[in-house]
Amino acid sequence: MKKLTAIIEQAEEGGYFAYCPEVSGANGQGETIEECFEDLQLAIQLIFEELREQAITKASPTVIYREIVFP
């Protein structure tokens, strides 16, 4: 599976915030590092799902779809 970078920083007001530089708009927050990381993972998953749905919707009906899994 492809690896992405999670950058987690402590927020001045408490808790943590995170972002993934490889995925535009992917960010998360939480009271603990683990909550923050899980929130970021969910954001990335939702972004990828939305991008995939948009690609399928815009494609021609004659297009063949196959999944690619990165080790």
Trypsin sites (Lys or Arg not before Pro), restricted to the chain: which are DSSP loop and have at most 16 other Cβ atoms within 10 Å? Lys2, Lys3, Arg66
Got a sec to turn the phi values of the stretch 31-37 into Karplus ³J(HN,Hα) couplings, 6.51 cos²θ - 1.76 cosθ + 1.60 with θ = phi - 60°, whole Hz, x for Gly and Pro? 6, 10, 4, 5, 4, 5, 4
Filter the GluC sites (Glu not before Pro) in the chain to those in DSSP coil with at most 16 other Cβ atoms within 10 Å of their Cβ, and list the result. Glu12, Glu13, Glu22, Glu31, Glu67
Express the relative contact order of the chain as a whole percentage, based on alpha carbon pairs under 8 Å and six or more residues apart in sequence. 24 percent
For the pair Ile56 and Ser24, what calculated FRET efficiency results from E = 1/(1 + (r/R0)^6), where r is the Cβ-Cβ distance and R0 = 25 Å, to the nearest 0.05? 0.80
Neighbour-limited loop hits for chymotrypsin sites (Phe, Trp or Tyr not before Pro), the stretch 30-71 (at most 15 other Cβ within 10 Å; DSSP other than H, G, I, E, B): Tyr65
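We did not get these values from a lab; they are worked out from the coordinates using the rules stated. A quick note: this is a predicted structure, and the numbers were derived from the prediction, not measured. Positions of Cβ are generated from backbone atoms using ideal geometry, with glycine treated the same way; all protein chains shown enter the neighbour counts.
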